[in-house]
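Step one of this worksheet: look at the structure below.
The values are calculated or read from the model by the stated rules, or taken from the named source; none is laboratory data. Everything quoted here is computed from the prediction, not taken from an experiment. FYI the Cβ positions are ideal-geometry reconstructions off the backbone, even for glycines, and counts take in every protein chain you see. Note: areas computed on protein heavy atoms with side chains; ligands, DNA, RNA excluded. Shrake-Rupley method; radii C 1.70, N 1.55, O 1.52, S 1.80 Å.
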Amino acid sequence: MSLQVWLAFIVAAMLISLSPGAGAISCMASGMRYGYRRSLPNIAGMQFGVALQLVVVGIGLGALLAASTLAFNLVKGFGVAYLCYLGWKQFHAEARPLQLADADAAAGTSRALFVQGFLVNASNPKATIFLLAVLPQFIDPHAPPLSQYLICMATLTVVDIIVMSAYALFASRVLRLLREPRQIRWMNRGFGVLFVLAGGFLAFFRRT
């Protein structure tokens, strides 16, 4: 992969990561509820989800997912149901100040946050279709594909970690100022609605 192509892929990776979606909502919700440091497992899980998406596209399963209506709808249905579940869970989350919620995270929710981040990205067929359409444009068919896919995966991972960390850090710093239970309750409900809306957008996503 030439330097020019790699720089172009960095721009594409930034646009992918910056586009508002379930990942950004998940990072901001965890940053608001647990603080930035406790949101890192969520961000890490998201990267494993992205890696799985790239592997799926790289070995050709992405094309099968794009061609098979049943497979596409099954993955999409799971993704929609999971986002709605996260919305319900966030909507009914206890209105606790960030410091107390951070103590709860230390008690054992790191694994849950990791799994949440992984499933948010791994269960999104929209991301698979998008990568299937975009990624081949940066792959030289006359060069070994494995090294190129590894470069793309590393690049997308680093860019996404930076962007998602910014989302989580913003939420933890800005929303840390919310201390009244009423304020925290409304923020939880707001993020809950956003999760459900993300699920709704995914439900209406159609392959092109």
Original post:
In the stretch 77-100, is there at least one residue being part of a loop (DSSP other than H, G, I, E, B), crowded, with 16+ Cβ neighbours inside 10 Å and modelled with pLDDT of 75 or more?
Top reply: no
**OP:** Return yes or no: is Thr155 of a type in the set (S, T, N, Q), open to solvent by less than 70 Å² (accessible area, probe 1.4 Å) and closer than 14 Å to Met14 by Cα?
**Re:** yes
Original post:
Does Pro141 fit the bill of being outside any helix (DSSP H, G or I) and open to solvent by 60 Å² or more (accessible area, probe 1.4 Å)?
Top reply: yes
Original post:
Of the residues in the stretch 1-15, how many are open to solvent by 90 Å² or more (accessible area, probe 1.4 Å) and small (Gly, Ala, Ser)?
Top reply: 0
Original post:
Which one is modelled with the highest pLDDT, of the residues in the stretch 42-64 that are over 12 Å from the mean Cα position of the chain (by Cα) and open to solvent by less than 20 Å² (accessible area, probe 1.4 Å)?
Top reply: Leu54
**OP:** Would you point out which residue out of Leu197, Leu146 is closer than 18 Å to Val120 by Cα, open to solvent by 70 Å² or more (accessible area, probe 1.4 Å) and modelled with pLDDT of 75 or more?
**Re:** Leu197
